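The values are calculated or read from the model by the stated rules, or taken from the named source; none is laboratory data. Predicted model only: the values in this text are computed from it and were never measured. Here the Cβ positions follow ideal geometry from the backbone for every residue, glycine too, while neighbour counts run over all protein chains shown. All accessible areas refer to the heavy atoms of the entire protein, side chains included, with ligands and DNA or RNA removed. Shrake-Rupley method; radii C 1.70, N 1.55, O 1.52, S 1.80 Å.
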Amino acid sequence: MSIGISIEHIGVAADSDRGGPAQPLLTVNGLVKHFDLKKGFVDTVMGRGKVVRAVDGVDFRILKGETLGVVGESGCGKSTTARLLMHLIDPSAGEIVFNGETVGSPALPLREYRRQVQMVFQDSYSSLNPRLTIQDSIAFGPQVHGVPKQEAITRARNLLERVGLEPRRFAGRYPHELSGGQRQRVNIARALACEPRLVILDEAVSALDKSVEAQVLNLLMDLKEEFGLTYLFISHDLHVARYISDRVMVMYLGKVAETGPAEALFEQPLHPYTRALLSSMPSMDPDRRTEEAALAGDPPNPIDPPPGCRFHTRCPLAEAVCSQRAPSLKTRQRRETACLIHEPGSGHSHAAAVAAAVHAS
Amino acid sequence: MNTASRADSAPIVSVRDLRVTFNGGKKPVSAVNGVDLSVARGETVALIGESGSGKSVTLRSLLRLHPERRTRIEGRIEVAGEDVLALGSRALADYRGRVASMIFQEPLLALDPVYTVGQQIVESIRRHERISPAEARKRALELFERVRIPSPERRLDAYPHEMSGGMRQRAMIALALACRPQVLLADEPTTALDATVQIQILLLLRELQRELGLAIVFVTHDMGAAVEVADRFAVMYAGRIVEEGPTREVIRNPRHPYTLALMQARADGAMEKGARLASIPGAPPDLAQLPTGCAFAERCTFVQPACLQSRPEAVELGGGHRARCLRTDATAQAVAQSARATANTSILLTETA
């Protein structure tokens, strides 16, 4: 670490790698975001009141050059996590370390961090300024970061070309003159205009039709290769998440349930919630229709999440201990799981069997 | 699946050459351009298509939900023997809910926020039948039990915003079934729901359909959801049904290039990492100026000069499977080829394993 600081003093460019390729690009430790609910007078005086525990202690890493997929149902905190990473909202607790530097520290001020981390939103229309032509929208970011106007415009036109929108035809158009797929291409071009290292894609293809979605997914894969990008890909569509991600993180009610390499996680889910989520996917085989729903009811409210393991109210394997003890993330063979079954000595009756199986293998 | 035996009796929904044009904007928009659709009693048909394909417009026409002054509807719609386009306003109100009713994508927008769900169901029952409020409430309670709402007595007095998403969708299904309709129209009923809730609602629809003998028209863009509920598939593109047939046939043996391309564009199951998705180039046509030929021609890999001349008529492929395409021979080859390719890779995989 001391070496890192001394390098900073002699003025090496901020985007050079710290710690080589093995060092994660982004490390998130104990990230928490609680939203206060409207309080009455008495509650304000007493200093109490209910909070929405949108993100409640999340730890993860994104390695350099990988795509981390984040999946989960509404209310699981995946979009809040994305907004926290961009510092669009301030975290209640926790730290974000980007390329070896804590975000917001003097070594990595927010402005410099935001140049290196960009975001693409789900709603392609509301995320563009309707009064700017798409060329101006794309060139705006680099100008804020000190790129001369002419150069920013050249960069914008090159990017438009690159995302498949002929600059001579499209550069002067306004967002409402484009289709949804074209607008999402503009958003991607805008995100790339500041030459970021990490791009957060928050349901970026969810609003698109299937045929257009495939075009945009292909484009994202090409751009990643060409510019050496790292993606955080948030999606509720498990097929898409599996296709594009190297690793996948499953969230449930503001906590991480399971993280692991995409194929392993989809082939052999460890957490009961992951298993339920996967078996809820329609089968696409008319002869093998789903006969029984994996879970009953809706996800509980994040205002008063269940005690202990958050999933115990819907979990088919829940035991008494699950409502008393909250599981912590346990790592084994590049996979992390927060479930008492995978925690030796947790008191869950399955835990012993799992531990024995691990020992045998 | 006894679709064949049901097809003998007259269909409960019969749409002939439906054309819907909206005149609100600068140019008239032809949203639906000649749709023929029959649904038998107790059958579920999925209308599948992307945004702007005319699937929801077709569905809404069945209840005449379009603004009268700005919409021109041509053709013929018959539901349970009623000529829907000829109904007067009083008869139309009797027809809606009693013969055919609809569930929508977003229950929070479809339900009235200032009345409890119970009040809305009671009102709807008493509009159609002369029964006492107590009697109607009893019916509402039965409906809530039927759609499996936990603690139904208490939920009847809940306002829509007090319920969770899945619960609201169940309540809306209960409301739609309040007057014992024969036809249920579902407009993307599970799109706004989470994966684990979506499958619950799909299973509920399947169960209701079986028990009540409902005919269901299920509009969706999600093929996976459609496979779970539908007996038949009707794939729409630019306001026409381009392919239609039994679910299994259409999924296993798609014969319209658009259906084929849609199936291939899905990021599905264990795809090879880094393999590119087969995307469909271009975008759907502008409905204000449709081409004279096949609307899919400019995005189609099998296009021939003849495709640009006139709109193709339906080609019968046997067993109720038909496609509006001149190149069904080419798609048949492509399907056979990809089937051979998958067979080969699976052989390779087993050999290497």
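Looking only at strands (runs of 3 or more DSSP E) that fall completely inside segment B:1-93, which ones have 1 or more residues that are within 28 Å of residue B:292 (Cβ to Cβ), within 14 Å of chain A (Cβ to nearest Cβ) and within 19 Å of the chain's Cα centre (by Cα)? First the steps, then the outcome.
Values: elements: B:13-22, B:29-39, B:44-48, B:71-79.
The strands (runs of 3 or more DSSP E) meeting that bar are B:44-48.
Given the criteria open to solvent by 40 Å² or more (accessible area, probe 1.4 Å), at pLDDT 85 or above and over 24 Å from residue B:201 (Cβ atoms), does residue A:328 qualify? I'd like the intermediate steps shown before the answer.
Details: open to solvent by 40 Å² or more (accessible area, probe 1.4 Å): yes; at pLDDT 85 or above: yes; over 24 Å from residue B:201 (Cβ atoms): yes.
It is true that residue A:328 is open to solvent by 40 Å² or more (accessible area, probe 1.4 Å), at pLDDT 85 or above and over 24 Å from residue B:201 (Cβ atoms).
Do you know which residues across segment A:75-107 are touching a Gly at 6+ places or on another chain (Cβ under 9 Å) and assigned to a loop (DSSP other than H, G, I, E, B)?
Matches in segment A:75-107: A:75, A:76, A:77, A:87, A:99, A:100, A:107.
The conditions are (1) in contact with a Ser or Thr (Cβ under 9 Å, 6 or more places away or on another chain); (2) within 13 Å of chain B (Cβ to nearest Cβ), and residue A:270 fails exactly one of them. Which is it?
(2)
For every residue, the table says whether it meets (1) touching a Gly at 6+ places or on another chain (Cβ under 9 Å); (2) away from every other protein chain (no Cβ under 12 Å); (3) in contact (Cβ under 8 Å) with a residue 60 or more places away in the chain.
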{"residue": "A:241", "(1), (2), (3)": "yes, no, yes"}
{"residue": "A:246", "(1), (2), (3)": "yes, no, yes"}
{"residue": "A:251", "(1), (2), (3)": "yes, yes, yes"}
{"residue": "A:258", "(1), (2), (3)": "no, yes, yes"}
{"residue": "A:280", "(1), (2), (3)": "no, no, no"}
{"residue": "A:288", "(1), (2), (3)": "no, no, no"}
{"residue": "A:293", "(1), (2), (3)": "no, no, no"}
{"residue": "A:296", "(1), (2), (3)": "no, no, no"}
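Please tell me if residue A:99 is within 22 Å of residue A:59 (Cα to Cα), in contact with an Asp or Glu (Cβ under 9 Å, 6 or more places away or on another chain) and either surrounded by 17 or more Cβ atoms within 10 Å (Cβ to Cβ) or free of Cβ contacts under 8 Å to residues at least 60 places away in the same chain (or both).
So residue A:99 fits the description; yes.
So, in segment B:95-108, of the ones that are assigned to a helix (DSSP H, G or I) and open to solvent by less than 70 Å² (accessible area, probe 1.4 Å), which residue ends up farthest from residue B:127 (Cα to Cα)?
Of segment B:95-108, the ones assigned to a helix (DSSP H, G or I) are B:95-98, B:107-108.
Narrowing further to those that are open to solvent by less than 70 Å² (accessible area, probe 1.4 Å): B:95, B:97, B:107.
On the way: B:95: 11, B:97: 10, B:107: 21 Å.
My answer is B:107.
Could you grab me the full set of residues in segment A:213-234 that are facing chain B (nearest Cβ under 10 Å), open to solvent by less than 20 Å² (accessible area, probe 1.4 Å) and in contact with a helix residue (DSSP H, G or I) (Cβ under 9 Å, 6 or more places away or on another chain)?
Here is the first cut: in segment A:213-234, the residues facing chain B (nearest Cβ under 10 Å) are A:213-219, A:221-222, A:225.
This time we only want the ones that are open to solvent by less than 20 Å² (accessible area, probe 1.4 Å), so: A:213-214, A:216-219.
Hits for segment A:213-234 are A:213, A:214, A:216, A:217, A:219.
Within the set of pairs 6 or more residues apart or between chains, which connect a residue that is under 25 Å from residue B:265 (Cα atoms) inside segment B:46-66 to a residue that is surrounded by fewer than 24 Cβ atoms within 10 Å (Cβ to Cβ) and among the charged types (D, E, K, R) with Cβ atoms less than 6 Å apart?
B:50/A:209; B:51/A:209; B:56/B:187
Inside segment B:188-215, can you point out the residues that are within 25 Å of residue B:118 (Cβ to Cβ) and open to solvent by less than 10 Å² (accessible area, probe 1.4 Å)? Quick ask: steps written out before the conclusion?
Quick first cut of segment B:188-215, residues within 25 Å of residue B:118 (Cβ to Cβ) only: B:189-190, B:192-193, B:197, B:200-201, B:203-205, B:207-209, B:211-212, B:214.
Selection gives B:189, B:190, B:197, B:201, B:204, B:205, B:208, B:214.
In segment B:67-92, which residues are touching a residue at least 24 places away in the same chain (Cβ under 8 Å) and among the small types (Gly, Ala, Ser)?
Passing the criteria: B:75, B:80.
State all residues of segment B:249-282 that are open to solvent by less than 50 Å² (accessible area, probe 1.4 Å) and either of a type in the set (Phe, Trp, Tyr) or at pLDDT below 80 (or both); if no residue qualifies, say none.
B:258, B:266, B:267, B:269, B:275, listed by residue number.
Any residue that is in contact with a Leu (Cβ under 6 Å, 6 or more places away or on another chain) and small (Gly, Ala, Ser) - is there at least one of those in segment B:72-87?
Scanning segment B:72-87, I find at least one residue that is in contact with a Leu (Cβ under 6 Å, 6 or more places away or on another chain) and small (Gly, Ala, Ser), so the answer is yes.
Can you say whether residue B:244 is free of Cβ contacts under 8 Å to residues at least 40 places away in the same chain, open to solvent by 10 Å² or more (accessible area, probe 1.4 Å) and out of contact with any helix residue (DSSP H, G or I) (no Cβ under 7 Å at 6 or more places or on another chain), as far as the supplied structure shows? Before you say what the answer is, go through the steps one by one.
On the way: free of Cβ contacts under 8 Å to residues at least 40 places away in the same chain: no; open to solvent by 10 Å² or more (accessible area, probe 1.4 Å): yes; out of contact with any helix residue (DSSP H, G or I) (no Cβ under 7 Å at 6 or more places or on another chain): yes.
Against the criterion (free of Cβ contacts under 8 Å to residues at least 40 places away in the same chain, open to solvent by 10 Å² or more (accessible area, probe 1.4 Å) and out of contact with any helix residue (DSSP H, G or I) (no Cβ under 7 Å at 6 or more places or on another chain)), residue B:244 does not qualify.
Could you please give the count of residues in segment A:106-131 that are open to solvent by 50 Å² or more (accessible area, probe 1.4 Å) and closer than 26 Å to residue A:178 by Cα?
8
Six or more apart or on different chains, Cβ atoms under 7 Å: show the pairs whose first residue is in segment B:314-328 and hydrophobic (A, V, I, L, M, F, W, C) and whose second is assigned to a loop (DSSP other than H, G, I, E, B) and open to solvent by less than 30 Å² (accessible area, probe 1.4 Å).
Taking only residues 6 or more apart or on different chains, the pairs are B:315/B:325; B:323/B:256; B:325/B:256; B:325/B:312; B:326/B:312.
Exactly one of (1) over 27 Å from the mean Cα position of the chain (by Cα); (2) hydrophobic (A, V, I, L, M, F, W, C); (3) within 18 Å of residue B:166 (Cα to Cα) is unmet by residue A:318. Its number?
Result: residue A:318 passes all but (3).
Looking at B:184, B:214, B:208 in this structure, which one is at pLDDT 90 or above, more than 16 Å from the chain's Cα centre (by Cα) and away from chain A (no Cβ under 14 Å)? Give the derivation first.
Working: B:184 fails: more than 16 Å from the chain's Cα centre (by Cα); B:214 fails: more than 16 Å from the chain's Cα centre (by Cα).
Matching residue, one of B:184, B:214, B:208: B:208.
Could we say that residue A:323 is open to solvent by 20 Å² or more (accessible area, probe 1.4 Å), of a type in the set (Ser, Thr, Tyr), within 14 Å of chain B (Cβ to nearest Cβ) and out of contact with any Ser or Thr (no Cβ under 7 Å at 6 or more places or on another chain) here? Even if it seems obvious, please write down each step before you answer.
Details: open to solvent by 20 Å² or more (accessible area, probe 1.4 Å): yes; of a type in the set (Ser, Thr, Tyr): yes; within 14 Å of chain B (Cβ to nearest Cβ): no; out of contact with any Ser or Thr (no Cβ under 7 Å at 6 or more places or on another chain): yes.
Against the criterion (open to solvent by 20 Å² or more (accessible area, probe 1.4 Å), of a type in the set (Ser, Thr, Tyr), within 14 Å of chain B (Cβ to nearest Cβ) and out of contact with any Ser or Thr (no Cβ under 7 Å at 6 or more places or on another chain)), residue A:323 does not qualify.
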